Amino acid sequence: MSRAIYLYNTASRLKELFKPIHEGHVGIYVCGPTVYGDAHLGHARPGITYDVLVRLLRNLGYKVRYVRNITDVGHLENDADEGEDKIAKKARLEQLEPMEVVQYYTIRYEEAMKALGVNPPSIEPRASGHIIEQIALIEKILEHGYAYISNGSVYFDVEKYNKDFKYGVLSGRELGEMISNTRELDGQSDKHSPYDFALWKKAAPEHIMHWPSPWSEGFPGWHLECSAMSAKYLGEEFDIHGGGMDLMFPHHECELAQNTAARGRGGVHYWIHNNMITINGKKMGKSYGNFITLEELFTGKHPLLQKAYSPMTIRFFILQAHYRSTLDFSNEALQAAEKGLKKLFQAVRDTDGIATDEKASDAGVAKLYEDIYDSLCDDLNTPVALSYVFEAVNVVNKIKDKSLQINMAGKVLLQKIFKDVLTGILGLQDEQASGADAATIGGLMDIILKERQQARSQKDWAKCDALRDDLAKLGIRVKDTKEGSEWSLE
């Protein structure tokens, strides 16, 4: 762990040297999905972003506890304190039990993440399984005077909190501006002020999901779950809290206020927010009706798609932009990613066979190796890291063309770049093997190409062409060069 890691701390707007609370151990909490529909492209970005962060930290020798929650209760329509629970609404429309909806879409989400190469978290808690912890947290906030009970519901008193601390430090908002931009209450709300938010809601008679509490039969507010579950599994202070940029306000701002009101401190040392994936400059999401599910991407069955795109193409597409920048969807961008990925893994396959010369240098690969890690440790700058990986690809291609030589130390470092970084940290896998063992397929192709080369040497052009054509029917392209034959999947 000798490398310095820099992370962008949203609360301070500074890129800071990352210092874990407990040396060698890192606690990460990421807001997972509200599971009431199929995972879409917008879900892929946080899944991949925080997967790469965890992989990097583990690669550097840290022990990481990664917690990613499942929201299965309390998230109301339009992220408000009024209206219908998103999962309850889905259950009512499909005439299912809410937990049937949760189980079905949780499995679908996890299958999609697995296809994208996203490793499962250390712990994946559900909000509905932590009602006791959420009630206990509300009681602490009430005890400290930063909440009030109104008609069986409990609300966070933002104005009282703002006098003692400051509401808006995470998102940079001022309470005065929020007040002037907020409509007056119509007298029908239980809130004292429109910017107060629910910690506990009294359930209406038709509300499906509800639990007993000291205040009413009801359900917890959406913001409360993460404060309760992060403390349970990572402690009242932990290293990194992640999520989408759209969660910074109000969700994470409310979390920070709840933590501080209950414990006297925010508890999170580094807030990390990935930006959005857009279509024509507009955020992709269910509420906008412009989302593309991951299954649609994998099958190509969507009006906006020209073809199907593999999970690794999607992953590579996402990693080509910095996690804090917006990423605009287009077929052209995905097709470019597909071509770039093929180029990468062609070089990976070629590396094992390149010749070395101990009189040569390492061809600059040692510096590339350091530059890649420096980029990844500089606020997880995956696009810059990938640019250096492509420089390593160019080195491989020059060695193949005999315009460059490399010693064994350089070749070993090339292999480390592709194994430790490309596959290990960035999580990109060679899909050419199509689920089978790549080494086995490579070995079989070596046998076939040797037989074809023998046919060429004997000028048995019919057999030579027949082998090439048979391979083409299987989607395997053979290219003849001066040094022999190369193969790749179409």
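The values are calculated or read from the model by the stated rules, or taken from the named source; none is laboratory data. Please read these numbers as outputs of a predicted model, since none were measured by experiment. For neighbour counting, all protein chains shown are included, and Cβ atoms are generated from backbone atoms with ideal geometry for every residue, glycine included.
Quick rundown of the values:
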{"quantity": "Residues (assigned to a helix (DSSP H, G or I), hydrophobic (A, V, I, L, M, F, W, C), over 28 Å from residue 48 (Cα atoms) and modelled with pLDDT of 95 or more) located in the range 396-443", "calculated": "399, 408, 409"}
{"quantity": "Condition check for residue 116: farther than 26 Å from residue 233 by Cβ and in the same structural domain as residue 241 (by TED's automatic domain parsing)", "calculated": "no"}
{"quantity": "Per-region count, the range 114-157, residues closer than 24 Å to residue 51 by Cα and charged (D, E, K, R)", "calculated": "3"}
{"quantity": "Hey, residue 287 among the small types (Gly, Ala, Ser), more than 18 Å from residue 324 (Cβ to Cβ) and at pLDDT 95 or above or not", "calculated": "no"}
{"quantity": "Unmet requirement for residue 102, which otherwise passes all of (1) modelled with pLDDT of 95 or more; (2) more than 20 Å from residue 272 (Cβ to Cβ); (3) part of a helix (DSSP H, G or I)", "calculated": "(1)"}
{"quantity": "Extreme residue, farthest from residue 7 (Cα to Cα), among residues of the range 311-346 that are of a type in the set (Ser, Thr, Tyr) and surrounded by fewer than 16 Cβ atoms within 10 Å (Cβ to Cβ)", "calculated": "330"}
{"quantity": "Residue check, residue 430 crowded, with 16+ Cβ neighbours inside 10 Å, more than 22 Å from residue 323 (Cα to Cα), in contact with a Phe, Trp or Tyr (Cβ under 8 Å, 6 or more places away or on another chain) and of a type in the set (Asp, Glu)", "calculated": "yes"}
{"quantity": "Enumeration of residues in the range 66-81 that are in contact (Cβ under 8 Å) with a residue 12 or more places away in the chain, surrounded by fewer than 18 Cβ atoms within 10 Å (Cβ to Cβ) and either of a type outside the set (Asp, Glu) or not in a helix (DSSP H, G or I) (or both)", "calculated": "78"}
{"quantity": "Any chance residue 160 is of a type in the set (D, E, K, R) and more than 30 Å from residue 50 (Cα to Cα)", "calculated": "yes"}
{"quantity": "The range 1-49, subset among the polar types (S, T, N, Q) and buried (at least 19 other Cβ atoms within 10 Å of the Cβ), residue modelled with the highest pLDDT", "calculated": "49"}
{"quantity": "Candidate set from the range 146-170 (those that are surrounded by fewer than 17 Cβ atoms within 10 Å (Cβ to Cβ) and either under 31 Å from the mean Cα position of the chain (by Cα) or among the hydroxyl-bearing types (Ser, Thr, Tyr) (or both)); member that is modelled with the highest pLDDT", "calculated": "150"}
{"quantity": "Among (1) crowded, with 18+ Cβ neighbours inside 10 Å; (2) among the hydrophobic types (A, V, I, L, M, F, W, C); (3) touching a helix residue (DSSP H, G or I) at 6+ places or on another chain (Cβ under 9 Å); (4) under 19 Å from residue 262 (Cα atoms), the one test that residue 142 misses", "calculated": "(3)"}
{"quantity": "Scope the range 184-235; condition part of a loop (DSSP other than H, G, I, E, B) and of a type in the set (Asp, Glu); matching residues", "calculated": "184, 186, 190, 196, 206, 217"}
{"quantity": "Test: residue in the range 324-335 that is within 30 Å of residue 402 (Cβ to Cβ) and of a type outside the set (A, V, I, L, M, F, W, C)", "calculated": "no"}
